[in-house]
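Let me begin by presenting the structure, written as structure tokens, before commenting on it.
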């Protein structure tokens, strides 16, 4: 389902150019540039405080860009904020919902926020409830759900307006192994259907399984940008490469 009909799509869903972000005198992001082509499953890794969250906040508009530019599907996130934000869906690490609200209402409210009319909203919400096996839980309050079901609700909410770019920020944090594998299945299917995805995760196993390309950021700068398979050369694992790079070794 597409809600922005007739608009020309950019070859790159995301383009970050010379991004700098300061918080007072603290330099959080130090002149980084990268782009993500349509349909890529992109891993964005780095230690705590490396600049991942600041970068995502600049992309989504929840933090101001100090210098540089970001475009989502060709739309500048500062000068064309309203239209650019419609292109993004985010599944955040923290559950930023009313825990007493019903599953169905959480998704429906977000659909209304993005301007879907009642009939379209009802169809879209029902589709997502079915898609993520939430139909039997539609009347349950969010606080009554298991950790895995809560993650599915947040994912469905992120997708309700059919965004061009889906950001998954630690999307399997706090769920058991079975639920993690179920979420991986959903992520793969979304990407195979053409959805462009950014994944941040401290579970490097899921990055190895899911991502086509991995960027590692360290101390506010991009330390490495390669296809996932390149990190795994010479019998190295992604985790081994990651530890080398974040300790200051070059690759």
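Can you report the number of residues in the stretch 14-49 which are crowded, with 22+ Cβ neighbours inside 10 Å and either assigned to a loop (DSSP other than H, G, I, E, B) or without any contact (Cβ under 8 Å) to a residue 12 or more places away in the chain (or both)?
Total meeting the criteria: 1.
Return a yes/no flag: does the stretch 159-171 have any residue that is in contact with a helix residue (DSSP H, G or I) (Cβ under 8 Å, 6 or more places away or on another chain) and either assigned to a helix (DSSP H, G or I) or farther than 25 Å from residue 40 by Cβ (or both).
Yes, because at least one residue in the stretch 159-171 is in contact with a helix residue (DSSP H, G or I) (Cβ under 8 Å, 6 or more places away or on another chain) and either assigned to a helix (DSSP H, G or I) or farther than 25 Å from residue 40 by Cβ (or both).
In the same structural domain as residue 100 (by TED's automatic domain parsing), crowded, with 17+ Cβ neighbours inside 10 Å and either more than 25 Å from residue 35 (Cα to Cα) or touching a strand residue (DSSP E or B) at 6+ places or on another chain (Cβ under 9 Å) (or both) - does that describe any residue in the stretch 184-191? Please lay out each step first, then the result.
Just the residues of the stretch 184-191 that are in the same structural domain as residue 100 (by TED's automatic domain parsing), to begin with: none.
For the stretch 184-191, residues in the same structural domain as residue 100 (by TED's automatic domain parsing), crowded, with 17+ Cβ neighbours inside 10 Å and either more than 25 Å from residue 35 (Cα to Cα) or touching a strand residue (DSSP E or B) at 6+ places or on another chain (Cβ under 9 Å) (or both): absent.
Can you pull out the residues in the stretch 234-248 that are touching a helix residue (DSSP H, G or I) at 6+ places or on another chain (Cβ under 9 Å) and part of a loop (DSSP other than H, G, I, E, B)?
236, 237
Of all residues being in contact with a strand residue (DSSP E or B) (Cβ under 6 Å, 6 or more places away or on another chain) and assigned to a strand (DSSP E or B) in the stretch 217-233, which is farthest from residue 20 (Cα to Cα)? Just the residue, please.
227
From the list 99, 90, pick out the single residue that is assigned to a strand (DSSP E or B), touching a residue at least 24 places away in the same chain (Cβ under 8 Å) and touching a strand residue (DSSP E or B) at 6+ places or on another chain (Cβ under 8 Å). Spell out how you get there, then give the answer.
Working: 99 fails: assigned to a strand (DSSP E or B).
Among 99, 90, only 90 is assigned to a strand (DSSP E or B), touching a residue at least 24 places away in the same chain (Cβ under 8 Å) and touching a strand residue (DSSP E or B) at 6+ places or on another chain (Cβ under 8 Å).
Tell me which of these residue 172 doesn't satisfy, since it passes every other one: (1) surrounded by fewer than 19 Cβ atoms within 10 Å (Cβ to Cβ); (2) under 15 Å from residue 93 (Cα atoms); (3) over 11 Å from the mean Cα position of the chain (by Cα).
Tallying (1) surrounded by fewer than 19 Cβ atoms within 10 Å (Cβ to Cβ); (2) under 15 Å from residue 93 (Cα atoms); (3) over 11 Å from the mean Cα position of the chain (by Cα), residue 172 fails exactly one: (1).
When you scan the stretch 58-79, how many residues do you find that are modelled with pLDDT of 95 or more, surrounded by fewer than 16 Cβ atoms within 10 Å (Cβ to Cβ) and either part of a loop (DSSP other than H, G, I, E, B) or out of contact with any strand residue (DSSP E or B) (no Cβ under 8 Å at 6 or more places or on another chain) (or both)?
Number satisfying all stated conditions: 4.
Which pairs have Cβ atoms under 8 Å, sit 6 or more apart or on different chains, and link a residue in the stretch 236-250 that is within 15 Å of residue 207 (Cα to Cα) to one that is surrounded by 12 or more Cβ atoms within 10 Å (Cβ to Cβ) and at pLDDT below 90?
Hits for this filter: 238/232; 241/232; 241/251.
The values are calculated or read from the model by the stated rules, or taken from the named source; none is laboratory data. Keep in mind it's a predicted model, so treat the numbers as computed, not measured. Positions of Cβ are backbone-derived with ideal geometry, glycine not excepted, and every protein chain shown enters the neighbour counts.
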